[in-house]
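**Student:** One structure is given below, represented as structure tokens, and several questions about it will come after.
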Amino acid sequence: MLSFREGGDRKNILTIDVEDWYMDTDISTWDSYEDRVVQCTQKVLEILDETNTEATFFVVGYVAEHFPELIKDIKNKRHEIGTHGYSHTSIKMQTASEFEKDLLKSIKILEEITKDKIKGHRACEFSIGEETSLTIDILKKNGLKYDSSVFQ
């Protein structure tokens, strides 16, 4: 393995958001769009298989609900599955209560499909910041171990 430190291993972390191309529109319109998420995610899974690479997939709950076999396939290929919320709505556009309800809906769907405890979260649009930091307490309260939304 290539390393920049003598005697050390270099590790890379790969994360992938599993959402469809139209998910920045109002959720009430989603049924009218052509889904591409399964085909695109399957292509990513093929590439990861070819390179023996594991990743964390942050899945929108709506996608999991509509395509549970895709989520089972991701899990069966030994990738980690985290939540990307249910409705792909920016935290900045939700109250704390709305955020928690959306989060729990997604977690419930993902855990029913995978039979695993969901540990990780990534907010839509990386929308956790100072003004939305109370969401960290909501994540902790609901058993999540990490968040992958904050960056500078």
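The values are calculated or read from the model by the stated rules, or taken from the named source; none is laboratory data. No experiment lies behind these values; they were computed from the predicted model shown. We place every Cβ from the backbone using ideal geometry, glycine too, and count neighbours over all the protein chains shown.
**Student:** Can you pull out the residues in the range 87-113 that are surrounded by fewer than 13 Cβ atoms within 10 Å (Cβ to Cβ) and either of a type in the set (S, T, N, Q) or in contact with a Lys or Arg (Cβ under 9 Å, 6 or more places away or on another chain) (or both)?
**Tutor:** 95, 97 - these are the residues of the range 87-113 that are surrounded by fewer than 13 Cβ atoms within 10 Å (Cβ to Cβ) and either of a type in the set (S, T, N, Q) or in contact with a Lys or Arg (Cβ under 9 Å, 6 or more places away or on another chain) (or both).
**Student:** Given the criterion in contact (Cβ under 8 Å) with a residue 60 or more places away in the chain and out of contact with any Lys or Arg (no Cβ under 7 Å at 6 or more places or on another chain), identify the matching residue among 38, 44, 63, 18. Don't jump to the end; show me each part of the working.
**Tutor:** Working: 38 fails: in contact (Cβ under 8 Å) with a residue 60 or more places away in the chain; 44 fails: in contact (Cβ under 8 Å) with a residue 60 or more places away in the chain; 63 fails: in contact (Cβ under 8 Å) with a residue 60 or more places away in the chain.
Sole residue among the options that is in contact (Cβ under 8 Å) with a residue 60 or more places away in the chain and out of contact with any Lys or Arg (no Cβ under 7 Å at 6 or more places or on another chain): 18.
**Student:** Looking at this structure, is residue 34 among the charged types (D, E, K, R), assigned to a loop (DSSP other than H, G, I, E, B) and surrounded by fewer than 17 Cβ atoms within 10 Å (Cβ to Cβ)?
**Tutor:** When the stated conditions are applied, residue 34 passes them.
**Student:** Quick check, is residue 87 of a type in the set (Gly, Ala, Ser) and assigned to a loop (DSSP other than H, G, I, E, B)?
**Tutor:** Values: of a type in the set (Gly, Ala, Ser): yes; assigned to a loop (DSSP other than H, G, I, E, B): yes.
The answer is yes for residue 87.
**Student:** On to the next question. Inside the range 139-149, can you point out the residues that are of a type in the set (Ser, Thr, Tyr) and crowded, with 20+ Cβ neighbours inside 10 Å? Break it down stepwise before answering.
**Tutor:** The first filter runs over the range 139-149 and keeps only residues of a type in the set (Ser, Thr, Tyr), leaving 146, 148-149.
Hit for the range 139-149 is 149, nothing else.
**Student:** Would a scan of the range 39-51 turn up a residue that is out of contact with any His (no Cβ under 9 Å at 6 or more places or on another chain) and either within 22 Å of residue 138 (Cβ to Cβ) or outside any helix (DSSP H, G or I) (or both)?
**Tutor:** Quick first cut of the range 39-51, residues out of contact with any His (no Cβ under 9 Å at 6 or more places or on another chain) only: 39-44, 46-47, 49-51.
Next, from what is left, pick out any that are either within 22 Å of residue 138 (Cβ to Cβ) or outside any helix (DSSP H, G or I) (or both): 51.
So far as the range 39-51 goes, yes, one or more of its residues are out of contact with any His (no Cβ under 9 Å at 6 or more places or on another chain) and either within 22 Å of residue 138 (Cβ to Cβ) or outside any helix (DSSP H, G or I) (or both).
**Student:** Can I ask one more? Please pick out the residue among 24, 9 that is modelled with pLDDT under 95 and touching a His at 6+ places or on another chain (Cβ under 9 Å). Please lay out each step first, then the result.
**Tutor:** On the way: 9 fails: touching a His at 6+ places or on another chain (Cβ under 9 Å).
Just a single option satisfies the conditions, and that option is 24.
**Student:** Specify the residue that is surrounded by the fewest Cβ atoms within 10 Å (Cβ to Cβ); the eligible residues are those in the range 114-138 that are more than 12 Å from residue 82 (Cα to Cα) and of a type in the set (A, V, I, L, M, F, W, C).
**Tutor:** Top of the filtered list is 134.
**Student:** Please go through the range 75-100 and pick out each residue that is touching a Leu at 6+ places or on another chain (Cβ under 7 Å) and either of a type in the set (Ser, Thr, Tyr) or under 16 Å from residue 17 (Cβ atoms) (or both).
**Tutor:** Of everything in the range 75-100, those that are touching a Leu at 6+ places or on another chain (Cβ under 7 Å) and either of a type in the set (Ser, Thr, Tyr) or under 16 Å from residue 17 (Cβ atoms) (or both) turn out to be 81, 83, 85.
**Student:** Right, next: Checking residue 85 against (1) over 12 Å from the mean Cα position of the chain (by Cα); (2) in contact (Cβ under 8 Å) with a residue 24 or more places away in the chain, which single condition isn't satisfied?
**Tutor:** Here residue 85 clears every test but (1).
**Student:** For the range 46-63, enumerate the residues that are hydroxyl-bearing (Ser, Thr, Tyr), surrounded by 11 or more Cβ atoms within 10 Å (Cβ to Cβ) and more than 11 Å from residue 17 (Cβ to Cβ).
**Tutor:** Once the filter is applied, which keeps residues that are hydroxyl-bearing (Ser, Thr, Tyr), surrounded by 11 or more Cβ atoms within 10 Å (Cβ to Cβ) and more than 11 Å from residue 17 (Cβ to Cβ), the range 46-63 yields 53, 62.
**Student:** Within the range 101-150, track down each residue that is more than 23 Å from residue 21 (Cα to Cα), in contact (Cβ under 8 Å) with a residue 24 or more places away in the chain and of a type in the set (Gly, Ala, Ser).
**Tutor:** If the condition is that a residue be more than 23 Å from residue 21 (Cα to Cα), in contact (Cβ under 8 Å) with a residue 24 or more places away in the chain and of a type in the set (Gly, Ala, Ser), then 143 is the only one that fits.
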